[in-house]
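Each value in this text was obtained by applying a stated rule to the coordinates, not by laboratory testing. Since the model is a prediction, treat every value here as computed from it, not as a measurement. Note that we place each Cβ from the backbone using ideal geometry, even for glycine, and neighbour counts take in every protein chain shown.
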């Protein structure tokens, strides 16, 4: 049975998802034991189970949809890790290439040493018109013997693996190559002229192709379907003047390649561009705006969407609003020109946000408050009217490797008992302080750089606190670190240098604990402490 075991690796975009399920369906029908993971990626056991399943299977099918390997330029990308593990274990690797994809273009995203080892001689190109011939060619390559050791699934993981295989079976039943394919064209050349009519007629798992045109309607998703724009998304417009452009009311659906325009605000209707109160909506390559409420709203614990490669802009309130314990994953999106905040996380909202741009907003770039949570990584935030990141009233995000620059106010602003962990961020060129902590704000800030601010680097006041460790503060117009009116931070192992005033200025009842810092090279020296203030020092280099 070892030689009929297969692991399918794919990028979770619409094309990759669809093609991987076709292959899964064909192989399981022909007696292969296939592992295709369709369970949400935020499971804590994801890495261990995935790697062990590669070890447990002789063959490794790599599904190359358009852009499948683009993120492999990022160290730690999961598709890249799967490929590297398959190479390490000497599995039989079979690239399967979707229609219209150039394998040379995809392979160029792989590291050179990986690209050289991935065998393309077994590559198979998909043909929807001759699917059976394509599938048989895949099966012929699976007959190649594998001499490396295949390790059985660990006993303690078998229940979870069985659950994942059952989930794949259920999804394949909902979406197979025999599922209905419906065409919508407002000009009358398709089966339907309205997307709503196609949704009503579509069976579960149907694929609805939308041709260019303007569709004035509100879409309610009540069954697992895929809606795909055909061509340039700027020419495929869903415009709603009476409610949400899209309302998610099913466990899973996919929408890609559309421009979604909520214009209901002009009629006084309060609604969203995309409203996600439940389910796993894959929203890809869409352009979204709203003249009413937020462009995208994610709320309730059952809402776990995946947004990727979307442009979210000019919202009447927020670009993205995540609240009432909503979650999900948001990656590689551009968010700009929104009135209040590009991203708002409140009331238990807990998303993962990666590699997004939040720019040129009329409010804050990101605002986390009222016990909002979440993980924000590798984002770029610039040109916003208020702080790049504001944390207030129990907000507690984890923010890593982000850039906050060139804001019209401050970089990061933590106040009114906000908290959070801010690590390895670059903050520079902002009009106000790179970091301001006040009114009970208490973040932990590690390994960040605060530089070239037009006022000071870090400002702690009005009973603000926090721990600031291993940071660099330099090149700011005023003091590197200013503390006043009850501010009382702990500063450890920081380098505060080349600032226009002192390294540390403490005044009007300010306090600080400063340990193991380098305070040399500032224009006015290391310290300025007035008689009402105090500093606990240890081993400072003055």
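Summary table below
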item: Contact order normalised by residue count of the stretch 293-424, Cα under 8 Å, 6+ apart, percent; result: 17 percent
item: Globularity index of the chain, i.e. its alpha-carbon radius of gyration over 2.2 N^0.38 Å; result: 1.10
item: Angle in degrees between helix 158-174 and the longest Cα principal axis of the chain, rounded to the nearest 10; result: 60 degrees
item: Between helix 78-88 and the chain: long-axis angle, C-alpha atoms, 0 to 90°, nearest 10; result: 70 degrees
item: The stretch 179-334, relative contact order in percent, only Cα pairs under 8 angstrom and at least six apart counted; result: 15 percent
item: Protection-proxy order for peptides 326-334, 69-77, each taking the mean of Cβ atoms within 10 Å per residue, highest first; result: 326-334, 69-77
item: Sorted by Cβ density within 10 Å, fewest first, the residues 126, 260; result: 126, 260
item: Protection-proxy order for peptides 425-432, 342-349, each taking the mean of Cβ atoms within 10 Å per residue, highest first; result: 342-349, 425-432
item: Sorted largest first, extent of the stretch 2-174 alpha carbons per principal axis (Å); result: 40, 36, 33
item: Cα-based helix-to-principal-axis angle, 131-141 vs the chain, degrees rounded to 10; result: 80 degrees
item: Equivalent-ellipsoid semi-axes of the stretch 363-542, from the Cα gyration tensor, Å, largest first; result: 24, 17, 14
item: Bins of 5 Å from zero: percent of alpha-carbon pairs in the stretch 434-515; result: 4, 18, 30, 28, 18, 2
item: Residue exposure sequence - 366, 318 - by fewest surrounding Cβ within 10 Å; result: 318, 366
item: The chain, relative contact order [Cα under 8 Å, separation at least 6], %; result: 5 percent
item: Per-residue Cβ neighbour rank within 10 angstrom, fewest leading, 235, 137; result: 235, 137
